[in-house]
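Would you mind keeping the following structure in view while I ask a few things?
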């Protein structure tokens, strides 16, 4: 049973518009959430994270929103750029553990 | 070298071969991980080493054998693999004080014939 779900395998967005990537989780013990970005032939790279004590974290063009009651988080990229085209993984972790549970990823394509 | 490096980047092996994957981190971290990424599946955590001790083994078959000789190096020894073991194997490291932010290597693309 997948504890972290990314139900959209792919997303296509025009350059300059907003990209919204969604992630749902089932384990209420998760208290830390991360987004990773992966280009082909490279390992995932950390993008942004959020602790369960917050509902929003912003870093430049990237904002992560957390809705604990809905067990849902989302990553907003605005404005989207062609270089943002990659696979985005959502990951979650519980208290006092280094174990990350990953989603299946969403492939974002930003076209001109 | 910086970050997390993995060798080889690509590996093709037969089911009777024995090979090893190597990971090295240059970040001063004290935890290291092996993940498996198969097509259309989430990254699957295989092993976790913290301070050179194995703290997690996610029901991985014994044909995969990890080794962590020191905090900078991690190996994954492979023997008598199956074709379904073909996948991208990713190594990661983290500093426990920095909550869960793991740094990944580029991965080894393994094909088992």
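The values are calculated or read from the model by the stated rules, or taken from the named source; none is laboratory data. Since the structure is predicted, the reported quantities are computational estimates derived from the model, not experimental observations. Counting neighbours? That spans all protein chains shown, and the Cβs are built from the backbone with ideal geometry, glycine included.
Under the condition of being farther than 29 Å from residue B:108 by Cα and either within 11 Å of chain B (Cβ to nearest Cβ) or in contact with a helix residue (DSSP H, G or I) (Cβ under 6 Å, 6 or more places away or on another chain) (or both), which residue from region A:17-49 is surrounded by the most Cβ atoms within 10 Å (Cβ to Cβ)?
In this case the residue turns out to be A:30.
If you scan region A:64-108, which residues turn out to be surrounded by fewer than 18 Cβ atoms within 10 Å (Cβ to Cβ) and assigned to a strand (DSSP E or B)?
A:65, A:67, A:72, A:74, A:76, A:94, A:107
Go through (1) within 13 Å of another protein chain (Cβ to nearest Cβ); (2) more than 13 Å from the chain's Cα centre (by Cα); (3) surrounded by fewer than 13 Cβ atoms within 10 Å (Cβ to Cβ) one by one and return the number of the condition residue B:9 breaks.
Checking residue B:9 against (1) within 13 Å of another protein chain (Cβ to nearest Cβ); (2) more than 13 Å from the chain's Cα centre (by Cα); (3) surrounded by fewer than 13 Cβ atoms within 10 Å (Cβ to Cβ), the one that fails is (2).
If you scan region A:51-63, which residues turn out to be modelled with pLDDT of 95 or more and part of a strand (DSSP E or B)?
Matches in region A:51-63: A:56, A:57, A:58, A:59, A:62, A:63.
The conditions are (1) within 28 Å of residue A:106 (Cβ to Cβ); (2) in contact (Cβ under 8 Å) with a residue 12 or more places away in the chain; (3) surrounded by 14 or more Cβ atoms within 10 Å (Cβ to Cβ), and residue B:22 fails exactly one of them. Which is it?
Only one criterion in (1) within 28 Å of residue A:106 (Cβ to Cβ); (2) in contact (Cβ under 8 Å) with a residue 12 or more places away in the chain; (3) surrounded by 14 or more Cβ atoms within 10 Å (Cβ to Cβ) is unmet by residue B:22, namely (1).
Let me ask another. Going residue by residue through region A:22-30, is there one that turns out to be over 30 Å from residue B:54 (Cβ atoms) and either modelled with pLDDT of 95 or more or not in a loop (DSSP other than H, G, I, E, B) (or both)?
Yes, there is a match, as at least one residue in region A:22-30 is over 30 Å from residue B:54 (Cβ atoms) and either modelled with pLDDT of 95 or more or not in a loop (DSSP other than H, G, I, E, B) (or both).
Does residue B:66 qualify as being over 23 Å from residue A:45 (Cα atoms), touching a strand residue (DSSP E or B) at 6+ places or on another chain (Cβ under 9 Å) and surrounded by fewer than 14 Cβ atoms within 10 Å (Cβ to Cβ)?
Criteria not met by residue B:66.
Assess whether residue B:22 counts as being farther than 18 Å from residue A:100 by Cβ and facing another protein chain (nearest Cβ under 10 Å).
Criteria not met by residue B:22.
So is residue B:32 modelled with pLDDT of 90 or more and more than 11 Å from chain A (Cβ to nearest Cβ) or not?
In short, no.
Sticking with this one: When residue B:63 is evaluated against the numbered criteria (1) in contact with a helix residue (DSSP H, G or I) (Cβ under 8 Å, 6 or more places away or on another chain); (2) in contact (Cβ under 8 Å) with a residue 60 or more places away in the chain, which criterion, by number, is the only one it fails?
So residue B:63 meets the others, but not (2).
Would you check if residue B:44 is closer than 21 Å to residue A:41 by Cα and at the interface with chain A (Cβ under 10 Å from one of its Cβ atoms)?
For residue B:44, the condition - closer than 21 Å to residue A:41 by Cα and at the interface with chain A (Cβ under 10 Å from one of its Cβ atoms) - is met.
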